[in-house]
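Right, one structure below, let's go through it.
The values are calculated or read from the model by the stated rules, or taken from the named source; none is laboratory data. The structure displayed is predicted, hence computed values, not measured ones. Positions of Cβ are generated from backbone atoms using ideal geometry, with glycine treated the same way; all protein chains shown enter the neighbour counts. For the accessible areas, the whole protein counts, side chains as well, though only heavy atoms, and no ligand, DNA or RNA atoms are used. Shrake-Rupley method; radii C 1.70, N 1.55, O 1.52, S 1.80 Å.
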Amino acid sequence: MSPDKIIVAIASILGVGFTYWFFLGKKEKEVQVSDAVDIIVDGGYTPEAISIAKGKTTKLNFIRRDPTACLEEVVLGDFKIRRQLPLNQKVTIELTPQRSGEFTYSCGMGMYHGKIIVTE
Amino acid sequence: MSQTKKTFSIKGMHCASCVLVLERSLKQVEGVMQATVNLATEKATVTYDPEKVTDKKLSSAVSNVGYQALITEEIKTEDDEQKEKQQELRSLRLRVVVSLALGGLILWGGFPGLMKTAPMILQSFWVQLLLATPVQFWAGFSFYRATISALKHRTANMDTLVAIGTTVAYAYSAVVTVLPQLVKSVGIEPMPYFDTGAIIIGLILLGRYFEAKAKAGTSEAIKKLIGLQAKTARVLRDGKEIDIPISEVMIGDIIRVRPGEKIPVDGVITDGESSIDESMITGESMPADKAKGDSVVGATMNKTGTFMFKATKVGSDTMLARIIKLVQEAQGSKAPIQRLADLVSSYFVPVVIMLAILTFAVWYIFGPAPTLLFALLNMVAVLIIACPCAMGLATPTAIMVGTGKGAEHGILIKDAESLEIAHKVKIIIFDKTGTLTEGEPKVTDVIAYGGFTEQDILRYEASLEVGSAHPLAKAIIEETELRKAMPLEPIEKFRSIVGHGISALIQGKSVFAGKEKLMTDNGVDIALAKGDMSRLTGEGKTLSLLAIDGKLAGIVAAADKVKSTAKMAVENLKKIGIESIMITGDNERTANAIAKQVGITRVLAEVLPEEKEAEVRKIQAEGKVVAMVGDGINDAPALAAADIGIAMGSGTDVAIEAADITLINKDLRSVVSAIVLSKKTMRTIKQNLFWAFGYNVVLIPVAMGALYPFFHLLLNPIFASIAMATSSISVVSNSLLLKRKSIV
């Protein structure tokens, strides 16, 4: 095998490894929320994972800064909420979770994900 | 003290609790006398002292609790949002036109078969670079923007794939143009691929344009429902009739409705009569005649007469507001079938990037010459053909159209899961009274024994039943009034024996009224009435036996009319392979007589209200998916126990809460429609998922070059972009087709 092919082989293995680590190996930082939290919608949700208390009403203020069409809706399927997020406007969603556990939410097309961890 | 009233829009409201929070916060502002917030119109009406209260104070009272007040309407209204959306679409269209036009010119000057016909200037690589650059970085800017934002979060999406794919094609072409010698030195004929990047961007943007237009159609039902609401109401205030905004209507207001006008809120007619078209809420096409005492529903259309009515429900409590909320919730919920698509789409893009890297490596190492070119083109094709959007859109778009279509026909579906389960139903249990029958029995026979007269029997029965909510009680009282057997006797020690009857002391005599079992349990000899009882029950009549001081005194028989739609509903269910069962507290003979009329062969008779739930569970134990149809009030536990609870009629809050599906129009044929709707929606979802998964599973390997060893066939990245652009449109369009499908 010629040296350039060896280089391409090694680079592609590294590339696959890097892609896996970069996209699938990340760990979300969980943010404890007591009453309200601003979630910035820009290429994803920041903070990405929030922890809220069971039975307590928490306000999630979504503020979309990213014009990508995919992000114009947020779907909290476990809470039966689908909301339009107009650009640069605060949209407040109130949650009073009755069950504890991990609930993911996503954009309208299911491409971007956020997580709500409900604790006892 | 002066007083001012102001109505303004509020952004961010979504539930009844928002109303309470906002009202409380507004009322806390010093100088505010009254504050009412309407969820359906998203408006607050505040009465206040203008010397103490400023717009700013009101605005901050609203924002303090997390909402936005549009007091000066500086912030975007719905119309502005609509305009903004239109503006976005126009900008998208411009980018599509420019990129396809420039891409077309590049294609003409660069595509092997075509280039000979093109003017020399277009064949220049430098001119092609000049034409491709605005397409790549102006029209394609949105792909880069989204990619950068996503990468910051260590996520990737379709834009990432498009951005990487087209950048690779553009960068390679730019190198070919600027440094042709370098490319030659590795044994490749310097030939740019500017057309690939430009046309891909144009086509994908074109796909997005159509997708955006189609997606707007999926949420049409909610917009239509919101649009149904009347804007103003003609209210009687201080002896004068004035037109006020609907958000200012209060419970107890007397409202005039003239012919051709919309009824503003829910209420009860106090004067006049009319024919009312309720089709927009119930889906029932025949107008309903209404007179004093009848209830009217907001947003329905008054046709012929003029009448006055008293508002009983306003704002978020009206039927329309509740329907909107229910449909919104259903559209926000997730169907279990979506889980797999969700799981796949969360890993999809990184996996495609890895596959693209591997494609490059395999073609470079093992492919034919020029290896670099094949490797690059196939890598671009893999990145461009993958379409996670189709998977993401497959289920929710169908659910949105399906639940919206249901609402238009008076079928309210609680959530996507209910819609999914409903298509598997094999057995439907119908409650008899009020569901299969009108629920308003009329007295047909009165028989007296032992020296009592028919008048006596009616009077005693009516005296006992006067406080009861039982449908039979109503019939007896009506008949007593009709036959002038009044006045009623005062009663003492009233006792209700659930499911069996009632007892009390009347003029010191112990009186029992109810079923045969109540009599035998209390040692009453009913031998004398056996013949009459057998005949009457055989005719499908419900009996109330009366015993005075331990002796049988008489029988009152009543019959309930079977609903005209019952037989057809049962027949149609049979046609789609669903067995119907009837459940009732009536004795077997009465039950069988009714069942025969509607064509039901399996009957569960003499089931006490509290036993219905257990009966539902017994049938579920047969291993089939069971739906229960009831009125939602007495049947709430049974509705909840069934796999699918279907509540008939506008009913109460209980009905909507306990039921998975609520049929507003009380038409039994809607049970069939609901099941058919569920089946058709699920079929659409399955088609969408099959297409979305199948598309990626088949075409990604093709783009990687899987067919090359056998047929020497490769996928041109331009064709990959056409396939990708059409895949998500086809999914959304397929969902929209549901609108045209018949469910009746």
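Let's see how each residue does on (1) more than 7 Å from every other protein chain (Cβ to nearest Cβ); (2) β-branched (Val, Ile, Thr); (3) out of contact with any Pro (no Cβ under 6 Å at 6 or more places or on another chain):
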{"residue": "B:LYS325", "(1), (2), (3)": "yes, no, yes"}
{"residue": "B:PRO336", "(1), (2), (3)": "yes, no, yes"}
{"residue": "B:ASP342", "(1), (2), (3)": "no, no, yes"}
{"residue": "B:SER345", "(1), (2), (3)": "no, no, no"}
{"residue": "B:LEU355", "(1), (2), (3)": "yes, no, yes"}
{"residue": "B:PHE360", "(1), (2), (3)": "no, no, yes"}
{"residue": "B:ILE365", "(1), (2), (3)": "no, yes, yes"}
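Of all positions in segment B:576-585, at least one carries a residue that is part of a loop (DSSP other than H, G, I, E, B), closer than 22 Å to B:THR537 by Cβ, in contact with a Leu (Cβ under 7 Å, 6 or more places away or on another chain) and at pLDDT below 85. Taking the criterion of being touching a helix residue (DSSP H, G or I) at 6+ places or on another chain (Cβ under 9 Å), more than 7 Å from chain B (Cβ to nearest Cβ) and modelled with pLDDT under 90, no residue of segment A:5-45 qualifies. Here the condition is being more than 10 Å from chain B (Cβ to nearest Cβ), charged (D, E, K, R) and under 15 Å from the mean Cα position of the chain (by Cα); of A:GLU102, A:GLU48, A:GLU73, it holds for A:GLU102 alone. B:LEU482 passes every criterion in (1) free of Cβ contacts under 8 Å to residues at least 40 places away in the same chain; (2) under 30 Å from B:ALA723 (Cβ atoms) apart from (2). In this structure, does B:ALA394 turn out to be farther than 14 Å from B:ASN157 by Cα, of a type outside the set (Lys, Arg) and within 9 Å of chain A (Cβ to nearest Cβ)? Against the criterion (farther than 14 Å from B:ASN157 by Cα, of a type outside the set (Lys, Arg) and within 9 Å of chain A (Cβ to nearest Cβ)), B:ALA394 does not qualify.
Could you tell me whether any residue of segment B:48-61 is at pLDDT 70 or above, open to solvent by 20 Å² or more (accessible area, probe 1.4 Å), within 14 Å of another protein chain (Cβ to nearest Cβ) and in a loop (DSSP other than H, G, I, E, B)? No, the conditions are met nowhere in segment B:48-61. Considering B:VAL732, B:VAL744, the condition of being touching a helix residue (DSSP H, G or I) at 6+ places or on another chain (Cβ under 7 Å) and in a helix (DSSP H, G or I) is satisfied by B:VAL732 alone.
Taking the criterion of being of a type in the set (Val, Ile, Thr) and open to solvent by 50 Å² or more (accessible area, probe 1.4 Å), the residues of segment B:205-263 that qualify are B:ILE226, B:THR232, B:ILE242, B:ILE251. The criterion of being part of a helix (DSSP H, G or I) and in contact (Cβ under 8 Å) with a residue 24 or more places away in the chain holds for B:VAL96.
Might you let me know whether segment B:307-326 holds any residue that is farther than 30 Å from B:ARG258 by Cβ and not in a helix (DSSP H, G or I)? No, the conditions are met nowhere in segment B:307-326. Condition (residue is in contact (Cβ under 8 Å) with a residue 12 or more places away in the chain, open to solvent by less than 30 Å² (accessible area, probe 1.4 Å), touching a helix residue (DSSP H, G or I) at 6+ places or on another chain (Cβ under 6 Å) and closer than 24 Å to B:ILE199 by Cβ) applied to segment B:676-692: is it met by at least one residue? Scanning segment B:676-692 turns up at least one residue that is in contact (Cβ under 8 Å) with a residue 12 or more places away in the chain, open to solvent by less than 30 Å² (accessible area, probe 1.4 Å), touching a helix residue (DSSP H, G or I) at 6+ places or on another chain (Cβ under 6 Å) and closer than 24 Å to B:ILE199 by Cβ.
Within segment B:697-729, being outside any helix (DSSP H, G or I) and at pLDDT 90 or above holds for B:GLY705, B:ALA706, B:LEU707. Scoring B:GLY402 on the criteria (1) more than 9 Å from chain A (Cβ to nearest Cβ); (2) more than 30 Å from B:LEU663 (Cα to Cα) leaves a single failure, condition (2). Cβ separations smaller than 9 Å between residues 6+ apart or across chains give the following pairs from segment B:399-428 residues that are over 20 Å from B:GLU284 (Cα atoms) and among the hydroxyl-bearing types (Ser, Thr, Tyr) to residues that are at pLDDT below 95 and open to solvent by 20 Å² or more (accessible area, probe 1.4 Å): B:SER418/B:ASP660. Selection of segment B:586-606 for residues being outside any helix (DSSP H, G or I) and surrounded by fewer than 22 Cβ atoms within 10 Å (Cβ to Cβ) yields B:ASN587, B:GLY599, B:THR601, B:ARG602, B:VAL603, B:LEU604, B:ALA605, B:GLU606. Select from segment A:58-70 the residues that are among the charged types (D, E, K, R) and more than 7 Å from chain B (Cβ to nearest Cβ) and write down the one among them that is least open to solvent (accessible area, probe 1.4 Å). So the residue we want is A:ARG64.
Of B:ILE447, B:ILE429, all but one fail to be aliphatic (A, V, I, L, M), part of a strand (DSSP E or B), over 19 Å from B:ALA636 (Cβ atoms) and in contact with a strand residue (DSSP E or B) (Cβ under 8 Å, 6 or more places away or on another chain); the exception is B:ILE447. Look at B:GLN86 and say whether it is within 12 Å of chain A (Cβ to nearest Cβ) and without any contact (Cβ under 8 Å) to a residue 60 or more places away in the chain. It is false that B:GLN86 is within 12 Å of chain A (Cβ to nearest Cβ) and without any contact (Cβ under 8 Å) to a residue 60 or more places away in the chain. Here segment B:130-154 is the region considered, the condition is being part of a helix (DSSP H, G or I) and of a type in the set (D, E, K, R), and the residue that is nearest to the other protein chains (Cβ to nearest Cβ) is B:LYS152. Within segment A:80-114, the set of residues being open to solvent by 20 Å² or more (accessible area, probe 1.4 Å) and in contact (Cβ under 8 Å) with a residue 60 or more places away in the chain comprises A:HIS113 only.
When segment B:112-132 is filtered for residues that are surrounded by 16 or more Cβ atoms within 10 Å (Cβ to Cβ) and not small (Gly, Ala, Ser), the ones remaining, listed by number, are B:LEU122, B:PHE125, B:VAL127, B:GLN128, B:LEU129, B:LEU131. When segment B:537-553 is filtered for residues that are among the aliphatic types (A, V, I, L, M) and out of contact with any Lys or Arg (no Cβ under 9 Å at 6 or more places or on another chain), the ones remaining, listed by number, are B:LEU546, B:ALA547, B:LEU552, B:ALA553. Restricting B:LEU464, B:LEU436, B:LEU458, B:LEU472 to residues that are open to solvent by less than 10 Å² (accessible area, probe 1.4 Å) and closer than 18 Å to B:LYS561 by Cα narrows the list to B:LEU436. Only helices (runs of 4 or more DSSP H) whose full extent lies in segment B:174-269 are considered here, and the ones with at least 2 residues that are farther than 30 Å from B:MET724 by Cβ and away from chain A (no Cβ under 14 Å) are B:180-185, B:220-228. When the residues of segment B:555-569 are narrowed to those that are open to solvent by 10 Å² or more (accessible area, probe 1.4 Å) and touching a residue at least 24 places away in the same chain (Cβ under 8 Å), which ends up nearest to B:GLY540 (Cα to Cα)? The residue in question is B:ALA559. Residues in segment B:409-430 that are more than 24 Å from B:PRO336 (Cα to Cα) and open to solvent by 10 Å² or more (accessible area, probe 1.4 Å): B:HIS409 only.
Quick one: is B:SER510 assigned to a strand (DSSP E or B) and surrounded by 20 or more Cβ atoms within 10 Å (Cβ to Cβ)? It is false that B:SER510 is assigned to a strand (DSSP E or B) and surrounded by 20 or more Cβ atoms within 10 Å (Cβ to Cβ).
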